[in-house]
Structure formats: C-alpha cells, structure tokens
Amino acid sequence: MPHQIRFIMVGGFLGAGKTTTLARLARHYQQRGLNVGVVTNDQATDLVDTNSLRSQGFDVGEVAGSCFCCNFDGLMETIGKLGDDRRPDVILAEPVGSCTDLVATVVQPLKRLFEAEFSIAPYAVILKPSHGSRILRNESGAGFSPKAAYILKKQLEEADAILINRIDELDPAAVDDLAGLIDGQYPGRPMLKLSARTGAGFEALTALLDQQGDFGRRVLDIDYDTYADGEAELGWLNSSIRVSAAQEFSMDELLLDVVGRLAADLDRQRAETAHLKAIGLWEGFFGVANLISRDCPPELSLPSNCRVREFDMIVNARVATDPDVLQTAVTGAVQAACTAVGGRADFRQTQCFRPGRPTPTHRFADPAEVV
C-alpha cells in the first residue's frame, strides 16, 4: 500500500483550546519520529495561531480568507506545499472555531476524492467549558444568541469523540457535570477529559487518534440560514501593529495589559467575547496573552520572559458585537497600553468584518454518498 498521510482534524468553538492541543499533539508525533505538518485556518490573514505554532518550530501552512469547507482546494494545496521537502506522515488541521458541518464538507470529500492518499483519524471536537456548559443548559445568559449557540451544538453533534478541555481549571464536580450534560444530549459518544495546557489525559487522546476505523460519518442535518446568521453575529478582527518605545518594557506585561483593557471595555458594553488573542514577536522571542470568555480573566498563556524596546504584535478578536465597535475598542486598548509604557503603536494592517455565508466547495450529505 502506498504511503498514506494520517489526517487529524480537531474542531471546537472559538477559545476551546484547539491550538494548544495541536501543539502538544505535534510534539508527541515528532517524538515518535514522524514528520508533522500543521494547517491553520481563518476568515482573514494575520492569524495569531499560525505565528504561535511557527514560533514553536512547527511546519505550518495557513488557509486564510475562508474556512476549510469553503476553500477545500486551498486546504489541499496547503497540505501539498507542506510536503515539498518531505512528505508528512501526519497532518494536524485546525478549522475556524465558528465552523461546523466539517464532516460533510472536509472529511467526506477527503475520503471520497483522496482515499488512497489519506488515512482519516477520529474527528475529535473540544468542548469549551465556559460557554459550553451554559449553552448545553440552554441558559438565557449564555452570552450568544440561539443562532450562535446552534453552531457549538452542531460541532458536538458531528464529532466522533468529544473532548472536555481545561480540566486543570475546573473542580472535579464541574467536570462531572459537563460530562453528564454531554452524555445526556449526545448519548454513547466517546468522551475524554484532558488539559491541553498540562498534558493530563493526553495518552487517552493519542490512543483514540491512533485507532483505525470508519470515522467521519456523522453527517449533519443542518440549517445553513441559522448557521450563517450565527457566524454573522460575531465581529471578526485581525490587526498587525508595530509597538515601540524609547525605554525597555516587558513584552508580556504589555500583551496582558492590551487584553485586560479590551476585556474590561467589552464587558462594560456587555459584548460577549468568543476569543481574544494577542501575540508579541521579536528576534526569536514570542509571547501570547488571551481571553476566552467574558467570565474568565485574561491570561498569559505563553510567556516570552523578555524586555524589549519594540516588537511586532498581532491581535485577533472574535466578539459578539458590531465590527466598527470592536475596531474602536481594540485601537483604544492598544494605544492606551502603549502609552502606559511611554511607547507608541503603529497599526500596519487591520481587517474587521462579519463572516459571510458559508458556501462549501463540496458537500457529501446524501446517505448514498457517505463513505
């Protein structure tokens, strides 16, 4: 049999921990002597995840400007480029966190059109505890409209396995409560409890992903009007900035200050944050600060531990608010944080918009077409 690439896609809502999970998986497979390629995905360019993974030394390709499902050809082209020097043994794919219906539009096309080239791993979807528990309970204060909550529920519905992440941040009773909610709404679905940050539970995850079988068959019955409206609820911002000052300052502290100021501003406006990330890059150093929801504190997820006079910063924000409001908030937070260290912010490029209606390249949803 010709060499097959193991295709591992890990889904989940914005802020679920997909990038941290993929980085840990990439290190695991590299330690096994395998050649690993990572493919990230975003509705725009200047993606924090891509820069973060590249800074950690991984071979990363990016499908920008549309989701995997709407740019399947771009996904295949990106995978091909990752194999220019050495054919990957494993491809780790991170889809856009507001996307669903990926079994019908990504997994099934791979199985149907490229069967000889790829071996498909179980499709695992990460549950984000902060929003997931509120949405699965149908709480009125879940932070997102029912149409946006519809996306998270559909992501879980099509999963071969559901991963409860961030168990290091939750008490055991909260983890058990989440597990009960999942089992009640998706009975019999394989479920793993893990921490992408600490590695707890990852042996079970890699064992799951090593399984051979007929995966990716849970094709959704999905209302694309509701799906499109749910995505369009989010303001989407990617911005690249050069930060400079006359005196040295802590890059980590400034990143955390930007995220903290922005979190406070959005909270005052009652704008629910799906995910907010800021990365700083300078001469081989990098740091990442993020916020995953309105009810969680900002955190420095990857410290650089360096002092600088200048660095490049990328901010990604996914918030349930008008894009113009979001851009004003980001600009104000960045400028205020830079002023606080006696510096300045030069905005180089900003993209701010609402995602458009998803239009898949392929969609194999008829039972006769599912393989």
Measuring from label point to label point, each 7 Å out along Cα→Cβ, what is the L113 to T198 span in nm? 4.3 nm
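Restricting to lysines 8 or more places apart or on different chains, can you count the pairs in the chain with Cα atoms under 15 Å from each other?
6
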Looking at A93, L256, G61, which one has the Cα that reaches farthest to the positive end of the dipole of the chain (charges on Cβ: Lys, Arg +1; Asp, Glu -1)? L256
Between segment 1-51 and segment 180-244, the alpha-carbon center distance in angstrom: 13 Å
Over the chain, calculate the relative contact order: mean separation of alpha carbon pairs under 8 Å at least 6 apart, over the residue count, as a percent. 21 percent
Please report Rg (one decimal) and Dmax (integer) in Å for the Cα set of the chain. 19.9, 66
Provide L300, L113, L75 in ascending order of the number of other Cβ atoms located within 10 Å of each residue's Cβ, fewest first. L113, L300, L75
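So what's segment 234-353 giving for Rg/Rh, alpha carbon basis, Kirkwood Rh from the mean inverse pair distance?
In segment 234-353, Rg relative to Rh is 0.94.
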In debye, nearest 20, what is the charge dipole magnitude of segment 151-285 about its Cα centre with +1 on Lys and Arg Cβ and -1 on Asp and Glu Cβ, if you could check? 140 debye
Radius ratio Rg over Rh of segment 46-195, counting only Cα atoms, Kirkwood formula for Rh: 0.99
Would you mind working out the magnitude of the charge dipole of the chain relative to its Cα centre, with +1 at each Lys and Arg C-beta and -1 at each Asp and Glu C-beta, to the nearest 20 Debye? 260 debye
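Taking the Cα centre of segment 1-147 as the origin, how large is its charge dipole in debye, to the nearest 20, when only Lys and Arg (+1) and Asp and Glu (-1) carry charge on their Cβ atoms?
Result for segment 1-147 is approximately 580 debye, rounded to the nearest 20.
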Given a Förster distance of 25 Å, the FRET efficiency implied by the Cβ-Cβ spacing of R268 and F347, rounded to the nearest 0.05, works out to 0.65
Under a point spin-label approximation (7 Å from Cα along Cα-to-Cβ), what is the Q56-V175 distance to one decimal in nm? 2.1 nm
Can you find, among L194, L110, P367, the residue sitting farthest towards the positive end of the charge dipole of the chain, where Lys and Arg contribute +1 and Asp and Glu -1 at Cβ? L194
Report the gain in length on full extension from A340 to E299: 0.36 nm times residue separation, minus Cα-Cα distance, nm rounded to one decimal. 12.8 nm
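Read the figures in this text as sums done on the coordinates, not as results from a lab. The shown structure was predicted, so the numbers you read here are calculated from the model rather than taken from an experiment. Here Cβ is always computed from backbone atoms with ideal geometry, including for glycine, and neighbour counts include all displayed protein chains.
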